[in-house]
Amino acid sequence: MGAYRHEHPDLSFEACERARHARDPAFDGVIFIAVTSTRIYCRPVCPVRQPLTHNVRYFPSAAAAEAAGFRPCLRCRPETAPHSPAWSGARATVTRALRLIEEGALDQEGVEPLAARLGIGPRHLARLFRRYLRTTPTAAARTARVQRAKRLIDGSDLPMTEIADLAGFRSVRSFNATFREVYRRPPSALRRGR
Ligand SMILES: [Zn+2]
């Protein structure tokens, strides 16, 4: 559920396994590796010890891994993964949508104006997200806010209230609640830990 299955056209479980063992940077941002024993998800380039295959699940997006209950790794920092390489056709639309979402397209506006900017309907956009990222635009927007905030926590000394605002959260309360859910700890604990 949520993870890549063998029917995926170009990312079979075997291909993901090869990428993981090789720590292949070409797959960075394309697949996210979740480990069922630790409930953490990583980038393919993560330096931590390789988990056993039967504990591994692959996801096409950070949001999908989080929806399945996995936390972002604090070592390889999935929020710093690059954008996936050039996709064509429908997947290019998904990439563009994801980029707009990461730029905050869904923090002020709804899914409908976003879909309109992409020249498609909101239901079609939802279908594309389900198919290629195994998530929804709204969940991807939440992950994007968390990732934006995490980069600011790690890369600045700004106060948390300002980070919440800059990252696109509607309130500090929602910022704190979302971080507790995603990282299982408050945002301030992540700064102390760096
Ligand atoms: Zn990692």
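Taken together, the values in this text are just the output of simple stated rules run on the coordinates, not laboratory data. Just so it is clear, the structure is predicted and the values come from calculations on it, not from any experiment.
Taking only C-alpha pairs under 8 Å that are 6+ residues apart, what is the relative contact order of the chain in percent?
Details: 262 pairs, mean separation 34.2, N = 194.
The value is 18 percent.
Answer rounded, prolate or oblate for the stretch 13-80, using the Cα gyration tensor with square roots of eigenvalues a ≥ b ≥ c: rounded when a/c is under 1.5, else prolate when a/b is larger than b/c, else oblate.
Values: a/c = 1.31, a/b = 1.16, b/c = 1.13.
It comes out rounded by the Cα gyration axes.
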